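Please read the structure below before turning to the comments.
The values are calculated or read from the model by the stated rules, or taken from the named source; none is laboratory data. Predicted model, so just to flag it, every value in this text is computed and none were measured. Heads up, the Cβs are rebuilt from the backbone with ideal geometry, glycines too, and the neighbour counts pull from every protein chain shown. With ligands, DNA and RNA removed, areas are computed over all heavy atoms of the protein, side chains included. Shrake-Rupley method; radii C 1.70, N 1.55, O 1.52, S 1.80 Å.
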Amino acid sequence: MTTDIEPTGAGSPKAAAGTAVPVLQATGVTKKFGGLTAVQNVDLQVNTGEIVGLIGPNGAGKTTFFNCLTGLYVPTDGTVTYKGTVLPHQSHLVTKAGIARTFQNIRLFANMTVLENVLVGRHTRTKEGLWSALLRGPGFKKAEKESEERAMELLEFTGLAAKRDHLARNLPYGEQRKLEIARALASDPGLLLLDEPTAGMNPQETRTTQDLVFAIRDQGIAVLVIEHDMRFIFNLCDRVAVLVQGEKLVEGTAEVVQADERVVAAYLGTPYEGAPGAEEVSEVEAAEAHSTVGKEGDTK
Amino acid sequence: MTTTTSETTTAPAAHREHRPVIGLPPTAASIGAAVGAVVTFASTFLAWTWTAEFPGDLTVTGYPGGLQLLTLTGALLTLLFVAAGYGVRGLCWLSPGGKNGPVLLFALGTFATTWYTVIAIAVKLGGLANLEPGGYVAAVASLITLVAALGLPSDVAHEHPSPNAWQRFVQSFKAPTPEEAAPLPGWAEILIIAAAFGLGLFVFTYGIDTEAAELFIGYILLVAFGATAVSRAGLNRRLASLTSKHKNVTVTAAFVSAFAFPFTQSNDAYASIGTNILIFATVALGLNVVVGLAGLLDLGYVAFLGVGAYTAALVSGSPSSTIGLQLPFWAAVLCGAGASLIFGVVIGAPTLRLHGDYLAIVTLGFGEIFRITMQNLDGSSGPDVTNGSNGIPNIPDLDLFGFNLGEPHTILGVELGRFSNYYLLMLLFTIIVVTVFRRSDQSRIGRAWVAIREDETAARAMGINAFRLKLLAFALGATLAGMAGTVQAHVTFTVTPAQYKFVEAVPPNSAFLLAAVILGGMGTVSGPLIGASLLYLIPAKLQFMSDYQLLLFGIALILLMRFRPEGLIADRRKQLEFHETGQLDAPKGDIGLSKAGV
């Protein structure tokens, strides 16, 4: 009967900016599918108020790592802690703890309206059960009203308020991506995991998404983002980790990652014998920093 | 040069866009349809055949009877809609949407009913010689009406520049969406809702009271075409906008008309059809929670009805009950619902970890296990609990507050028989189930169910404990069915395992329950009620077809899935899913909404 909307956000932006308290800490996460090791011994830390990028070539295990974090997969080894507590391996409990996510292939509730999609996101922060729904007491009405208000706030925030009664499937692609983010934010997360939020977007939409992610960070929510758009990643992230063949190759600021030869080799391959030398490599490197590498062949 | 050609072609093109199926001048077509309808109308006052052997007595001149009345109604409605389409003052409200589409549909309905009658007379009495001139007049006049109606221009312009005959035929049924109606005073709107439900009750009781199969077929033909015509005319949408405005009035009107049904029945045999429809519909609505909302395909649902019925029978004080206990009815209902709930949880807990097809197969298996277990608890194959295939007979009638439901009572000057009493009791349970369905649908729980149906992985990632909520839906559905079962046990006197098969000729059984939900419309309240009424009424009235019943059923379901996949009553969401919605910039196909990969 009672509504209990717990603010699990990482506190006010000020506090978040000041101290680097770890929100998410993954240690030694390993995931094996039979003989294939998709993720091997990956450590990653995300602090409050931070935007961390996770990059790597296709098949590097980024999404598998995400799934290990959010409880969709049970990691073979290693632990994930959120604000000091070890996360269970069930995705609804992970969401309840305060980690929300979006999907690489948009997974909205296609035949529900935009507003209903966001209201589903509120599920963990509301408590009314079946009895309350059947008896329709004052507590139920109050909770429904509050949920709707919060959902509308989020739709305003993402700019979808005008389309609240449209079916999710009828939204254009870019707005479907935004709705996924709004739905994830509805669970009042302390950490938001974005899986390729700009895949398939044009440069303008990518910029809007970038602004949206900054706005989310300013609300005190830490963000971990997988992306192939290097310009997007390097503009956005405080830190970037590179995953190659399931292992973390390097982690650091944009400059550190861009300068690392192994990263370039992972994306473009090692020079074969007798052909391009160091000069060409640096050229490629420079080009890479200014282009949208990996966009092609990315849509699975 | 190009501009001139385009200019010269505009005028004929505009005309061609609404080209009718048969090329007639529009005025001639209107007049033809009107005259045809008047002659058809008049012909019903003539004798169509010479002997009263054909059901309904079509022999009296000046006094239409039986199937003639249906033709009369069809002709009258055709005439009214021709007049409305022609812009006769005071009738324009009849067709706010399509103008000519409804005329064509009513003409088709009248034609079908009339020609069916004429052919049925010839076949039943053995030859065309049995037709009186009136029959020929009716046949020709209804044909003329139909031909003239086919000459009316289509309401919606053709997309194709030069449509062929079939395209023009299909196009002539399409109708534009009516614009918003001018607001009426509140009392008038409520009066319209009441009148609509009154009309619905009348049409329904007419169908139940039809005495002969011929009459029922004619009725079904006219009602099917008539209902389509009314929806094409845009009256459905007008009514829907009124009912959504006055929700409480609508719900009250629906239950008042349902309550009034037994008072219209002089024959308790027809009241028994009503009672059985109500039991069937209530159980179908319970199944709609499981299938329509949570998306769990349950093929053994009738077992829960059986659990409720068997529990009620055991504690009913029946001399054949092995327990020999007699509990008051309210306690029996609680026992039945409770036993079903436990059974539902016991079955659901292990099986709900399965998905889709696997769940369907497992529930199908459990449904059969229930039936066979009841059959084997007979004292020889197992402990004697249920008397095996003999079942538990002689279940006594209920006695509520000194009101014995087994005896006829006179209320308001109308004698209510046994089945009328049970109808009223069952209606109470229907109201409970409808309330449970509506309230759970429009809540956090209902949204979570729909989310699980849409995409379970995403739902879990949104913090929904999918297993728990699926179990809740399964258990709730089971409880509702068990509750209905406790009444069913008393209505049917006897509870036997054979009543709870997966499929058999008489509903309710698992296959028919599922068919009622799908036919009526998943996830709606009125859908399963209408679907169950049709699925019960048609076999009950057309018993000569019982050998082909399942075949016809299959065909009907295939046609429905092809032409109206959302069911007869469309859920708001399904409506948006399957049809153009005016929500522009909708992506073609399923861009980005694939379910592949996590």
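Filter the range B:184-214 down to the residues that are part of a helix (DSSP H, G or I), among the β-branched types (Val, Ile, Thr) and open to solvent by less than 30 Å² (accessible area, probe 1.4 Å) and list them by number.
Residues satisfying the conditions are B:193, B:205, B:208.
Looking at this structure, is residue A:51 open to solvent by less than 10 Å² (accessible area, probe 1.4 Å), modelled with pLDDT of 90 or more and within 11 Å of chain B (Cβ to nearest Cβ)?
It is false that residue A:51 is open to solvent by less than 10 Å² (accessible area, probe 1.4 Å), modelled with pLDDT of 90 or more and within 11 Å of chain B (Cβ to nearest Cβ).
What are the pairs with Cβ atoms under 9 angstrom where one residue, in the range A:82-106, is more than 8 Å from chain B (Cβ to nearest Cβ) and farther than 18 Å from residue A:125 by Cα and the other, located anywhere, is buried (at least 17 other Cβ atoms within 10 Å of the Cβ) and among the aromatic types (Phe, Trp, Tyr)? Sequence gap at least six, or different chains.
A:89/A:73
Quickly run through the range A:209-230 and pick out the residues that are surrounded by fewer than 19 Cβ atoms within 10 Å (Cβ to Cβ) and farther than 17 Å from residue A:101 by Cα.
Of everything in the range A:209-230, those that are surrounded by fewer than 19 Cβ atoms within 10 Å (Cβ to Cβ) and farther than 17 Å from residue A:101 by Cα turn out to be A:211, A:218.
Would you point out which residue out of B:572, B:562 is open to solvent by 60 Å² or more (accessible area, probe 1.4 Å), of a type in the set (D, E, K, R) and at pLDDT 80 or above?
On inspection, the qualifying residue turns out to be B:562.
Could you tell me which numbered condition residue A:134 fails, if it satisfies all but one of (1) within 9 Å of chain B (Cβ to nearest Cβ); (2) touching an Asp or Glu at 6+ places or on another chain (Cβ under 9 Å)?
Answer for residue A:134: the failing condition is (2).
Any residue in the range A:201-218 that is outside any helix (DSSP H, G or I) and either away from chain B (no Cβ under 14 Å) or of a type in the set (Gly, Ala, Ser) (or both)?
Checking the range A:201-218: at least one residue is outside any helix (DSSP H, G or I) and either away from chain B (no Cβ under 14 Å) or of a type in the set (Gly, Ala, Ser) (or both).
Taking the range A:70-103 only, how many residues are open to solvent by less than 50 Å² (accessible area, probe 1.4 Å), part of a loop (DSSP other than H, G, I, E, B) and closer than 25 Å to residue B:294 by Cα?
Matching residues across the range A:70-103 total 5.
For residues that are surrounded by fewer than 18 Cβ atoms within 10 Å (Cβ to Cβ) and outside any strand (DSSP E or B), tally how many sit in the range B:378-392.
Of the residues in the range B:378-392, 7 are surrounded by fewer than 18 Cβ atoms within 10 Å (Cβ to Cβ) and outside any strand (DSSP E or B).
Could you tell me whether any residue of the range A:185-201 is surrounded by fewer than 21 Cβ atoms within 10 Å (Cβ to Cβ), over 17 Å from residue A:155 (Cα atoms) and either in contact with a strand residue (DSSP E or B) (Cβ under 8 Å, 6 or more places away or on another chain) or free of Cβ contacts under 8 Å to residues at least 40 places away in the same chain (or both)?
Yes, the range A:185-201 contains a residue that is surrounded by fewer than 21 Cβ atoms within 10 Å (Cβ to Cβ), over 17 Å from residue A:155 (Cα atoms) and either in contact with a strand residue (DSSP E or B) (Cβ under 8 Å, 6 or more places away or on another chain) or free of Cβ contacts under 8 Å to residues at least 40 places away in the same chain (or both).
With respect to residue A:129, determine if the residue is modelled with pLDDT under 90, facing chain B (nearest Cβ under 8 Å) and surrounded by fewer than 18 Cβ atoms within 10 Å (Cβ to Cβ).
Judged against the criteria, residue A:129 is a match.
Take residue B:372 and tell me if it is within 27 Å of residue B:504 (Cβ to Cβ) and in a loop (DSSP other than H, G, I, E, B).
no
Any idea which residue in the range B:41-73 is least open to solvent (accessible area, probe 1.4 Å), counting only those that are more than 22 Å from residue B:207 (Cβ to Cβ) and among the β-branched types (Val, Ile, Thr)?
Among residues in the range B:41-73 that are more than 22 Å from residue B:207 (Cβ to Cβ) and among the β-branched types (Val, Ile, Thr), the one least open to solvent (accessible area, probe 1.4 Å) is B:49.
On the basis of being within 18 Å of residue B:66 (Cα to Cα), open to solvent by less than 50 Å² (accessible area, probe 1.4 Å) and either assigned to a helix (DSSP H, G or I) or without any contact (Cβ under 8 Å) to a residue 60 or more places away in the chain (or both), does residue B:217 make the cut?
yes
Would you list the helices (runs of 4 or more DSSP H) that sit entirely within the range B:407-482 and hold 3 or more residues that are over 26 Å from the mean Cα position of the chain (by Cα)?
So the answer is B:444-454, B:456-461.
Could you list, in sequence order, the residues of the range A:159-184 that are facing chain B (nearest Cβ under 7 Å), modelled with pLDDT of 90 or more and closer than 14 Å to residue A:115 by Cβ?
Once the filter is applied, which keeps residues that are facing chain B (nearest Cβ under 7 Å), modelled with pLDDT of 90 or more and closer than 14 Å to residue A:115 by Cβ, the range A:159-184 yields only A:183.
Could you grab me the full set of residues in the range B:461-487 that are farther than 29 Å from residue B:570 by Cα and in contact (Cβ under 8 Å) with a residue 12 or more places away in the chain?
Result: B:486, B:487.
Taking residue A:150 as the residue in question, decide whether it is of a type outside the set (Ser, Thr, Tyr), more than 20 Å from the chain's Cα centre (by Cα), within 11 Å of another protein chain (Cβ to nearest Cβ) and surrounded by 15 or more Cβ atoms within 10 Å (Cβ to Cβ).
Answer is no for this residue.
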